[in-house]
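Notes for the one structure printed next.
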Amino acid sequence: MSRVVAIDGPAGSGKSTVARAVAAALGLEVLDTGAMYRAVTLAVLAAGADPADPEACAAAARSVRIDLGARVVLDGRDVTEAIRGPEVTAAVSAVSAHPAVREVLVGHQRAWAEAHGGAVVEGRDIGTVVFPHAALKVFLTASDEERARRRARDEAAADRTADVAAVQADLARRDRLDAGRAASPLVAAPDAVPVDSTDRTIDDVVRSIVDEFRRREAVA
């Protein structure tokens, strides 16, 4: 699909904020694949299942209905805030590591982008697995300290207690799990454009991505 911008990177690198702004600039919809995995994780936990149980997690992925837009709706219930809670955050890497879960959700992600005529899609395996032929692939990073500060600010804004050191330790744990999983590990695609957002404004990062996408479209 030609009008797909794939933005991959670790937690706290700014993917969601950047993706929304890039999508607005290009007139595209944005798909937060992390929200899909979090919604499945919430369903697993609500069912009392073990996030380490591949069969239970795959069954949850196949049975739930997830609607993504301005809000995240799981089986008709708005779970936008619930999927960002600490219980889901602690379990989502385990759930998303199961190959059967990823197979189900990758199918949904491709169908969603097809139905929307393209998209800005952010996650951890978008350029490597979900859309290997995306028009533009970006691997967005930031320093460990900056990612922890950003995530702590997000937690505080949601009225959840957040210690920067504890958040940084949790991010390091998730990085290890995401990069070390057998199915679709977190890794930059060979042809991805690396973007370090540590000391750059959001506007600057977004402008560089939008300009590169438009340059590629012009010569395609």
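The values are calculated or read from the model by the stated rules, or taken from the named source; none is laboratory data. Bear in mind that the values here come from a model prediction, so they are computed numbers and not experimental data. Neighbour counts run over all protein chains shown; Cβ positions are idealised from the backbone, glycine included.
Okay, residues lined up against (1) of a type in the set (A, V, I, L, M, F, W, C); (2) within 17 Å of Ser16 (Cα to Cα); (3) free of Cβ contacts under 8 Å to residues at least 24 places away in the same chain:
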{"position": "Ser197", "(1), (2), (3)": "no, yes, no"}
{"position": "Thr201", "(1), (2), (3)": "no, yes, yes"}
{"position": "Val210", "(1), (2), (3)": "yes, yes, no"}
{"position": "Arg215", "(1), (2), (3)": "no, no, yes"}
{"position": "Ala220", "(1), (2), (3)": "yes, no, no"}
Practice task
Could you check Val164 against (1) of a type in the set (A, V, I, L, M, F, W, C); (2) farther than 26 Å from Asp196 by Cβ; (3) touching a Lys or Arg at 6+ places or on another chain (Cβ under 7 Å) and say which number it fails?
Solution key: (2)
Practice task
Considering (1) assigned by TED's automatic domain parsing to the domain that holds Thr141; (2) crowded, with 22+ Cβ neighbours inside 10 Å; (3) at pLDDT 95 or above, say which one Leu42 fails and leave the rest.
Solution key: (1)
Exercise for the section: Working only within segment 18-45, note down all residues that are without any contact (Cβ under 8 Å) to a residue 40 or more places away in the chain and of a type in the set (A, V, I, L, M, F, W, C). Expected result: Ala24, Ala43
Handout entry: Verdict on Ala158 being surrounded by 15 or more Cβ atoms within 10 Å (Cβ to Cβ), touching an Asp or Glu at 6+ places or on another chain (Cβ under 8 Å) and touching a residue at least 40 places away in the same chain (Cβ under 8 Å)
Key = no
Handout entry: Per-region count, segment 92-111, residues crowded, with 18+ Cβ neighbours inside 10 Å and either in the same structural domain as Val206 (by TED's automatic domain parsing) or in contact with a helix residue (DSSP H, G or I) (Cβ under 6 Å, 6 or more places away or on another chain) (or both)
Key = 10
Practice task
Just give me the residues in segment 162-189 being modelled with pLDDT under 80, part of a loop (DSSP other than H, G, I, E, B) and of a type outside the set (Lys, Arg), in sequence order.
Solution key: Ala162, Asp163, Ala182, Ala183, Ser184
Exercise for the section: Find all pairs meeting these conditions: Cβ atoms under 6 angstrom apart; at least six residues apart or on different chains; first residue within segment 79-102 and farther than 18 Å from Thr161 by Cα; second residue of a type in the set (Lys, Arg) and part of a helix (DSSP H, G or I). Expected result: Val92/Arg38; Ser93/Arg174
Practice task
Go through Asp175, Asp144, Asp196 for me and flag whichever is surrounded by 12 or more Cβ atoms within 10 Å (Cβ to Cβ), within 20 Å of the chain's Cα centre (by Cα) and under 25 Å from Glu81 (Cβ atoms).
Solution key: Asp175
Handout entry: The lone exception for Gly48 - which of (1) outside any loop (DSSP other than H, G, I, E, B); (2) at positive phi it fails
Key = (1)
Handout entry: All positions within segment 57-81 that are crowded, with 17+ Cβ neighbours inside 10 Å, modelled with pLDDT of 95 or more and outside any loop (DSSP other than H, G, I, E, B)
Key = Cys57, Ala58, Ala59, Ala60, Ala61, Ile66, Val72, Leu74
Exercise for the section: Would you check if there is a residue in segment 124-132 being in contact with a helix residue (DSSP H, G or I) (Cβ under 6 Å, 6 or more places away or on another chain), farther than 17 Å from Thr33 by Cα, surrounded by 14 or more Cβ atoms within 10 Å (Cβ to Cβ) and touching a residue at least 24 places away in the same chain (Cβ under 8 Å)? Expected result: no
Problem - Flag if Glu146 is at pLDDT below 95, assigned by TED's automatic domain parsing to the domain that holds Ser16 and outside any helix (DSSP H, G or I) - result: no
Practice task
Specify which of the listed residues (Val40, Val72, Val22, Val88) is over 13 Å from the mean Cα position of the chain (by Cα) and over 29 Å from Thr198 (Cβ atoms).
Solution key: Val40
Practice task
Please specify each residue of segment 49-85 satisfying the condition of being over 20 Å from Asp32 (Cα atoms) and not small (Gly, Ala, Ser).
Solution key: Asp50, Pro51, Asp53, Pro54, Glu55
